[in-house]
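The values are calculated or read from the model by the stated rules, or taken from the named source; none is laboratory data. Quantities reported herein were computed from a predicted structural model and do not represent experimental measurements. For neighbour counting, all protein chains shown are included, and Cβ atoms are generated from backbone atoms with ideal geometry for every residue, glycine included. Heavy atoms of the whole protein, side chains included, go into the accessibility calculation; ligands, DNA and RNA do not. Shrake-Rupley method; radii C 1.70, N 1.55, O 1.52, S 1.80 Å.
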Amino acid sequence: MSKRRAFITGITGQDGSYLAEHLLALGYEVHGLVRRVATQYREPRLDRIVPILARVTLHPGSVENYASLIRVLSLEKFDEIYHLAAQSFVAESFDDGFATMSVNVMGTHHLLAAVRQLQPQCRVYFAGTSEMFGKVSEAPQRETTSFHPRSPYGISKVAGFELMRNYREAYGMFCATGILFNHESPRRGEEFVTRKITRAVAKISGGEASELVLGNLDAKRDWGHARDYVEAMHLILTHTEAKDFVVATGVSHSVRQFCELAFAHVGLDYRKFVRTDAKFERPSEVATLVGDASLARTVLGWQAKTDLRTLIAEMVDADLALVRGTAGGTANGIPQKAS
Ligand code: GDD
């Protein structure tokens, strides 16, 4: 039997890199979309997929460029497409809401339109988010919870979700959305709060920094491990029926608790090092999120494997190794062979 073929937009990101590894391990032929500049100059952008570069096929292009999607889909036939490419930093979406809307909404629409035109049988996964729930109407949040997004990012993802639903209903395409709650790892970008904290813990413990400045310490998030969550993406897309699922741990902690645990991992008291500055607060905050993934558990057999302490230990240890230079690693937490 020939290998199943998957195409990942956003393959160079945290989730894209874990997903590519997961699909390769399952015997898939994996393709990814990357900006042309990344293929030409081997930018840091590719850091997370360096270990698997020889095993994946990269196609230059972007979801903003419809012609590039048409070109890839004319060249290659896929069984599954995972659409992860997006401007995913909520704070940035307040600074440049137009760019976020353009990449996230138009990008999704371009992809769906191209798939419909050239490969309507191909299954499409969309990276939905708990930010769609925003100002929550109930806790925990589940598939039936109403949306009330609180940022241009959240709004763009609700629009993407609705585009997916519309292509499913209007054209009978297999379009499924994973509504993923926060998921982290040593590969997390440094602008997100968890990695900002674990980087700072490592630097402070190594004497390279003396404080960590954050925004709202009382925000609560349901944090899981990205490696677990990409498994859910695959289960969602290979399920018998196109359906949307919440993916979460079901446990919520505050940013303050995350700080406490991360500093405690190296024997430090966070209260001595963390201070706040309003410049890191958001014009409208999502105060608290906690997901109910029981549908994913009962229908897909998926459940989160990594608890917060284990996740934090892995992230802090990876950042300690980076600071000490013992990982021979990159900023994206991928260990490289020391030369
Ligand atoms: N980034 C950041 N930096 N966040 C801070 C800071 C800070 O200095 N201080 C406090 N926070 C708070 C934010 O206000 C937010 O409430 C929380 O920490 C988490 O922020 P992020 O790590 O930036 O993630 P997010 O929850 O806004 O969004 C992430 O998760 C979503 C899933 O729910 C992103 O990965 C989104 O793309 C994803 O959809």
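Once you have the Kirkwood Rh of the range 258-319 from its Cα pairs, apply Stokes-Einstein at 4 °C and 1.567 mPa s and quote D in µm²/s. Estimated diffusion coefficient is 87 µm²/s.
Relative to the longest principal axis of the Cα atoms of the chain, the long axis of helix 66-75 makes an angle of roughly 60 degrees.
In the chain, the longest principal axis of the Cα atoms and the axis of helix 255-264 are about 60 degrees apart. Report, to the nearest 10°, how far helix 308-324 tilts away from the longest principal axis of the Cα atoms in the chain, using its own Cα long axis and a range of 0 to 90°. Its long axis makes an angle of about 80 degrees.
Candidate cross-link partners of Lys77 among the aspartates and glutamates, defined by an alpha-carbon separation under 13 Å and a same-chain spacing of 8 or more, comprise Glu29.
Each 10 Å bin from zero holds the following percent of Cα-Cα pairs in the range 107-256: 10, 34, 32, 16, 6, 1.
In the structure shown, do any of Lys220/Lys272; Lys196/Lys279; Lys135/Lys272; Lys135/Lys196 have a Cα-Cα gap over 27 Å, and if so which?
Beyond 27 Å: Lys135/Lys272.
Residue ranking by accessible heavy-atom surface, 1.4 Å probe, largest first, among Phe273, Phe126 comes out as Phe273, Phe126. Phi angles of the range 281-294 translate, via the Karplus equation with coefficients 6.51, -1.76, 1.60 and θ = phi - 60°, into HN-Hα couplings of 8, 9, x, 9, 9, 8, 6, 8, 10, 8, x, 10, 9, 5 Hz per residue; Gly and Pro are given as x. The distance between label points at Arg36 and Glu76 comes to 1.8 nm (points 7 Å beyond Cα on the Cα→Cβ vector). The accessible area of Trp223, taken with all protein chains in place and a 1.4 Å probe, comes to roughly 10 Å². Rolling a 1.4 angstrom probe over the chain with all protein chains present gives an accessible area of which 49% lies on carbon and sulfur atoms.
On the principal axes of its alpha-carbon atoms, the range 160-200 has extents of 48, 13, 13 Å, going from largest to smallest. Ligands, DNA and RNA aside, Met106 has an accessible area near 90 Å² when probed at 1.4 Å. 3J(HN,Hα) along the range 168-183, derived from phi through the Karplus expression 6.51 cos²θ - 1.76 cosθ + 1.60 where θ = phi - 60°, amounts to 5, 6, 7, 10, x, 6, 7, 10, 10, 10, x, 8, 8, 7, 3, 9 Hz, with x in place of Gly and Pro.
Could you give me the percent of Cα pairs per 20 Å distance bin for the chain, shortest bin first, beginning at zero and ending with the bin that holds the maximum distance? Answer for the chain: a P(r) of 31, 60, 9 percent. Using the Cβ of Phe94 as centre and a radius below 14 Å, the other residues enclosed give a net charge of -4, where K and R count +1 and D and E count -1.
Expressed as a fraction of 2.2 N^0.38 Å, the value expected for a compact globular protein of N residues, the C-alpha radius of gyration of the range 56-163 is 1.15. Over the chain, calculate the relative contact order: mean separation of alpha carbon pairs under 8 Å at least 6 apart, over the residue count, as a percent. Once divided by the residue count of the chain, the mean separation gives 17 percent. Is the range 30-99 best put as rounded, prolate or oblate by its Cα gyration tensor, with a ≥ b ≥ c the root eigenvalues, rounded for a/c under 1.5, and otherwise prolate when a/b is larger than b/c, oblate when not? Oblate, because a/c is 1.5 or more while a/b does not exceed b/c. Of Thr298, Thr177, Thr12, Thr238, the residue with the largest accessible area leads and the full order is Thr298, Thr238, Thr12, Thr177 (1.4 Å probe).
Residues His148, His31 ordered from highest to lowest accessible area at a 1.4 Å probe: His148, His31. The residues of the chain expose on average 43 square angstrom of accessible surface per residue, using a 1.4 Å probe on protein heavy atoms.
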